[in-house]
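To start, the structure itself, in structure tokens.
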Amino acid sequence: MSVAATYARTVRDESGGPGLLLAHGGGGSVESNFGPLLDGLAARHTVVGVDYPGTGGTPRADHPLTLDELADELVAAADSEGLERFAVLGYSLGGHVAVRVATRHPGRVSALVLTATFARADNRLSLVTELWSELAERGETGLLAKVLVPLVLSPGVLAALTPEQLAGAVADTAAGFPPGGGDHAALVPGADLRAELALLDVPALVVATTEDRLVPLPLQRQVADAITGARWAELPTGHLPFAERPAEWQSLITEFLDATDATAAADATAATDATVTTATGAAGAVR
């Protein structure tokens, strides 16, 4: 079932630059996960993102979600904005959406940036996200916040909070849970994209959140190990780089995309020159 018409869309096209699709994390939205980066990203790229069902401006779905649906709706938004090729920035669960975009729509993805994501959900991550989904379905957002806050904040940030600040963080997290967050979390248990990652043939940057207790570093390392030629970068943050180190995260993303855009432009110029040379030579041969 297609629900493309109901997916809320964020578009920033003031730069007229190359396309960049944003795939947000479970329980997040384009604004909550990428808001601090949008101005900087849009300064160089035409940015397009969609809110998954039940978050941001998108109503909750009346059916179980699939990665295929989320990937296809993101590409449908790109189509509507006239983007034929694009890079994809995936955060957390959005990394799986980004990979699925690349494998379902080969030839359209120019580069991938995967942050705080995982190649497979191990037993620990599967159990945590099962609990997330169950507590969300029961409306137990207070308990869910107490589970997740210690996992998404880096140890240093968590330890520095006063009791009042900690209580406030838990309350704010509980109040901010979107209706569809549990539906997103339900996609995680048992997820394994290692085979798909091995098929990728595009430039890729894996940005690891090194103090992440929700998606530990070994799971993130598997992503880079599975992608041929992937670059690896580290951010000393918990699972929320947009909250702890947004400027550094944006710099890693834009530097990588600038380099891949420049390489693609050089390759296109070389291909055009080669075509012209071949055509000139052929014309001379028939004179």
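Across the stretch 228-256, the qualifying residues are those that are acidic (Asp, Glu) and over 15 Å from Ala204 (Cα atoms), and the one among them that is least open to solvent (accessible area, probe 1.4 Å) is Glu244. Evaluation of Ala71 against the conditions (1) modelled with pLDDT under 95; (2) in a helix (DSSP H, G or I); (3) under 17 Å from Leu200 (Cα atoms) shows that the sole unmet condition is (1).
In the stretch 30-48, the qualifying residues are those that are outside any helix (DSSP H, G or I) and open to solvent by 10 Å² or more (accessible area, probe 1.4 Å), and the one that is nearest to Asp183 (Cα to Cα) is Thr46.
When we screen Glu164, Glu134 for residues that are in a helix (DSSP H, G or I), over 26 Å from Gly56 (Cα atoms) and open to solvent by 80 Å² or more (accessible area, probe 1.4 Å), the only hit is Glu164.
Go through the stretch 168-186 residue by residue and tally those that are assigned to a helix (DSSP H, G or I) and either open to solvent by 60 Å² or more (accessible area, probe 1.4 Å) or among the acidic types (Asp, Glu) (or both).
Our first condition is that a residue be assigned to a helix (DSSP H, G or I); within the stretch 168-186, this holds for 168-176, 181-185.
The next check asks that each one be either open to solvent by 60 Å² or more (accessible area, probe 1.4 Å) or among the acidic types (Asp, Glu) (or both); those that pass are 172, 175, 183.
Residues flagged as assigned to a helix (DSSP H, G or I) and either open to solvent by 60 Å² or more (accessible area, probe 1.4 Å) or among the acidic types (Asp, Glu) (or both) within the stretch 168-186 amount to 3.
Among residues of the stretch 66-79 that are more than 12 Å from Asp51 (Cα to Cα) and acidic (Asp, Glu), those with a Cβ under 8 angstrom from a residue that is part of a helix (DSSP H, G or I) and open to solvent by 10 Å² or more (accessible area, probe 1.4 Å), sequence gap 6+ or separate chain, pair up as Asp68/Arg100; Asp68/Arg104; Asp72/Arg104. Considered as a group, the residues in the stretch 112-128 that are buried (at least 24 other Cβ atoms within 10 Å of the Cβ) and outside any loop (DSSP other than H, G, I, E, B) include one that is farthest from the chain's Cα centre (by Cα), and that residue is Leu112. Scan the stretch 139-152 and give yes if some residue there is farther than 21 Å from Ser126 by Cα and out of contact with any strand residue (DSSP E or B) (no Cβ under 8 Å at 6 or more places or on another chain), otherwise no. For the stretch 139-152, residues farther than 21 Å from Ser126 by Cα and out of contact with any strand residue (DSSP E or B) (no Cβ under 8 Å at 6 or more places or on another chain): absent.
Determine, yes or no, whether Asp51 is among the acidic types (Asp, Glu), open to solvent by 10 Å² or more (accessible area, probe 1.4 Å) and under 18 Å from the mean Cα position of the chain (by Cα).
On the way: among the acidic types (Asp, Glu): yes; open to solvent by 10 Å² or more (accessible area, probe 1.4 Å): yes; under 18 Å from the mean Cα position of the chain (by Cα): yes.
When the stated conditions are applied, Asp51 passes them.
Name every residue in the stretch 7-28 that is of a type in the set (Gly, Ala, Ser) and surrounded by 24 or more Cβ atoms within 10 Å (Cβ to Cβ), in order of residue number. Passing the criteria: Ala23, Gly25, Gly26, Gly27, Gly28.
The values are calculated or read from the model by the stated rules, or taken from the named source; none is laboratory data. Values in this document were obtained by computation on a predicted structure and should not be read as measured data. Quick reminder, even Gly has a Cβ in these numbers, built from the backbone with ideal geometry, and neighbours come from all protein chains shown. Surface areas here come from the heavy atoms of the whole protein model, side chains and all, with no ligands, DNA or RNA. Shrake-Rupley method; radii C 1.70, N 1.55, O 1.52, S 1.80 Å.
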